[in-house]
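The values are calculated or read from the model by the stated rules, or taken from the named source; none is laboratory data. Given the structure is predicted, the values throughout are model-derived calculations rather than measurements. Neighbour counts are summed over all protein chains in view; Cβ atoms, including those assigned to glycine, are modelled from backbone coordinates with ideal geometry. Each accessible area value is taken on the protein alone, full model and side chains, heavy atoms only, with ligands, DNA and RNA left out. Shrake-Rupley method; radii C 1.70, N 1.55, O 1.52, S 1.80 Å.
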Amino acid sequence: MKTKTLTTSLGLAIAGLCAGMAQAADDLTLQLKWVTQAQFAGYYVAQDQGFYEEEDLNVTIKPGGPDIAPTQVIAGGGADVTVEWMPAALSAREKGLPLVNIAQPFKKSGMMLTCLKSTGVQTPDDFPGRTLGVWFFGNEFPFLSWMSQLGIPTEGGEDGVTVLKQGFNVDPLLQGQADCISTMTYNEYWQVIDAGITPEELITFKYEDQGSATLEDGLYVLEDKLDDPAEVDKLARFVRASMKGWKWAEENPEEAAMIVLDNDATGAQTEEHQIRMMSEVAKLTAGSNGALDPADYERTVESLLSGGSDPVITKHPGDGAWTHVISDKALN
């Protein structure tokens, strides 16, 4: 009797161990470019809806912020994958950090200049002599390329523009320090509206419309990850689940915004703002299946190389800056 009991117990223990081994998920850490908000809804949705779990992944999502540089985090081993804008990624790659774009959830750019109509700005021809608010820390590159294409100097003067280093807020426009400021279609533009300025009082210039847009919010890893078949398989599962999350978010913007709010540990975000943000972000991810469009990549590179006397990158990145290996595996 004891032998039978012992055998049964041993069998159950082995079965339990095997079940535990079968359920062991692969760990993966994602570093976001900015704070928890609907800009990253697809990843939070994939986690909330169990899409990562379905792919045997245990994903940790790390928010960013003003003091967090995603490229430094991944360089230091603090993340497996990072969300980054291509200008910053290619700049870092030229400086020696072997970042590779493995997927591109954002098909379009959300960056634009927002101006008060009362300043008299109606077209880019009205920029000379004006003060324009520009984000730096790598976000200035599309602006500098655009001004270079227009032939407008950025050192001030009657024929040029005065560049105001803008913080990540809209104060320069509200306080009359700048004629135009940098905004994202899904974020700062709405902060201007919430401050009491109506859309009719504003004029916007989308970088997409100006032909100087660069790719934003791609997924990047370090090159050596691609040398390991197990890592390639894990990354493909991550991209597949993430894109499933993005498409769910596109179709269910309000529910996606609520999921984002549930993950905002700071409590800084509001329901109204996140729902609006998700609706705008959905316009940028629409049309992407996760695979980088080589034409969009080449357009970005061309824009970055044309940044006047101080271009973002000094030469074409060549082979290796992006790959379809992960997205192809994810989609098949």
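Once the piece of chain linking ASN332 and LYS95 is laid out straight, how much longer is it, given 0.36 nm per residue of separation minus the C-alpha distance between them?
On the way: separation 237, 0.36 × 237 = 85.32 nm, distance 3.41 nm.
Going from the current span to full extension adds 81.9 nm.
Averaged over every viewing direction, what's the projected area of the C-alpha convex hull for the chain? Give it in nm², one decimal, please. List each step's numbers first, then the result.
Numbers: hull surface 81.1 nm².
About 20.3 nm², averaged over all directions.
Within the range 122-186, which chymotrypsin sites (Phe, Trp or Tyr not before Pro) sit in a loop by DSSP and count at most 10 neighbouring Cβ atoms inside 10 Å? Walk me through the intermediate numbers first.
Values: sites: TRP135, PHE136, PHE137, PHE143, TRP146, PHE168, TYR186; in loops: TRP135, PHE136, PHE137, PHE168, TYR186.
Here the chymotrypsin sites (Phe, Trp or Tyr not before Pro) that fit, given the DSSP loop and packing criteria, are PHE137.
Restricting attention to the alpha-carbon atoms of the range 274-332, what are Rg (one decimal) and Dmax (integer), both in Å?
15.3, 44
Modelling each spin label as a point 7 Å along the Cα-to-Cβ direction, I'd like the ARG299/MET258 distance in nm, to one decimal.
3.6 nm
Can you list the residues, at least 5 places off or on another chain, whose amide H is less than 5 Å from the amide H of LEU57, using H built in the peptide plane?
Sorted by chain and number, the residues that satisfy this are ASP26.
What is the helix-to-structure angle for 2-23, meaning the angle in degrees between its Cα long axis and the longest Cα principal axis of the chain, kept from 0 to 90 and rounded to the nearest 10?
Tilt of helix 2-23: around 20 degrees.
Multiply the residue gap between GLU53 and ASP171 by 0.36 nm, knock off their C-alpha separation, and tell me the result in nm, one decimal place.
On the way: separation 118, 0.36 × 118 = 42.48 nm, distance 4.22 nm.
Result: 38.3 nm gained on full extension.
Counting each DSSP H run of 4 or more residues in the chain as -39500 (n - 2.57), what helix-only mean residue ellipticity at 222 nm follows after dividing by all residues, to the nearest 500 deg cm²/dmol? Spell out each step's value before the answer.
Details: 14 runs with 141 residues, N = 332.
Helix-only estimate at 222 nm: -12500 deg cm²/dmol.
What shape does the range 188-332 have by the C-alpha gyration tensor, where a ≥ b ≥ c are the square roots of the eigenvalues, rounded means a/c under 1.5, and otherwise prolate means a/b greater than b/c and oblate the rest?
Working: a/c = 2.30, a/b = 1.22, b/c = 1.89.
The shape class here is oblate.
Work out from phi, with θ = phi - 60° and the Karplus expression 6.51 cos²θ - 1.76 cosθ + 1.60, the ³J(HN,Hα) of each residue of the range 97-104, listed in order in whole Hz, and give x for Gly and Pro.
8, x, 7, 10, 7, 9, 6, 9
By the gyration tensor of its Cα atoms, with a ≥ b ≥ c the square roots of the eigenvalues, what is the shape of the range 84-142: rounded for a/c under 1.5, prolate for a/b over b/c, or oblate?
prolate
On a straight-distance basis, which aspartates and glutamates could pair with LYS165 in a cross-link, Cα separation under 18 angstrom, same-chain partners fewer than 8 positions away excluded?
Correct list for LYS165: ASP67, GLU140, GLU155, ASP179, GLU188, ASP310.
Keeping all protein chains in position, work out how much accessible area LEU304 exposes to a 1.4 Å probe, and write it in Å² to the nearest 10.
Result for LEU304: roughly 0 Å² accessible.
What list of ³J(HN,Hα) couplings, whole Hz, do you get for the range 274-288 from phi and the Karplus terms 6.51, -1.76, 1.60, once you set θ to phi - 60° and write x for glycine and proline?
6, 5, 4, 4, 4, 4, 6, 4, 4, 6, 8, 8, 4, x, 9
Under the rule of at least 5 residues apart or a separate chain, name every residue whose amide H is placed under 5 Å from the amide H of ALA103.
The answer is LEU219.
Taking DSSP loops as anything outside H, G, I, E and B, show the longest stretch in the chain free of GluC sites (Glu not before Pro) there with at most 12 other beta carbons within 10 Å.
Details: sites that count: GLU155, GLU158.
That gives 159-332 as the longest site-free run.
Taking amide H atoms as placed 1.01 Å from N in the peptide plane, list the residues 5 or more away in sequence, or in a different chain, whose amide H sits under 5 Å from that of LEU202.
LYS117
Ranked by accessible surface with a 1.4 Å probe, highest first, in what order do LEU150, LEU144 come?
Greatest to least solvent exposure: LEU150, LEU144.
Got a sec to turn the phi values of the range 210-219 into Karplus ³J(HN,Hα) couplings, 6.51 cos²θ - 1.76 cosθ + 1.60 with θ = phi - 60°, whole Hz, x for Gly and Pro?
Once θ is set to phi - 60°, the couplings for the range 210-219 become 8, x, 10, 5, 10, 5, 10, 6, x, 9 Hz.
Can you list the lysines whose alpha carbon sits under 18 Å from that of LYS206, skipping same-chain ones fewer than 8 residues off?
Hits, sequence-local ones excluded: LYS107, LYS108, LYS117, LYS283.
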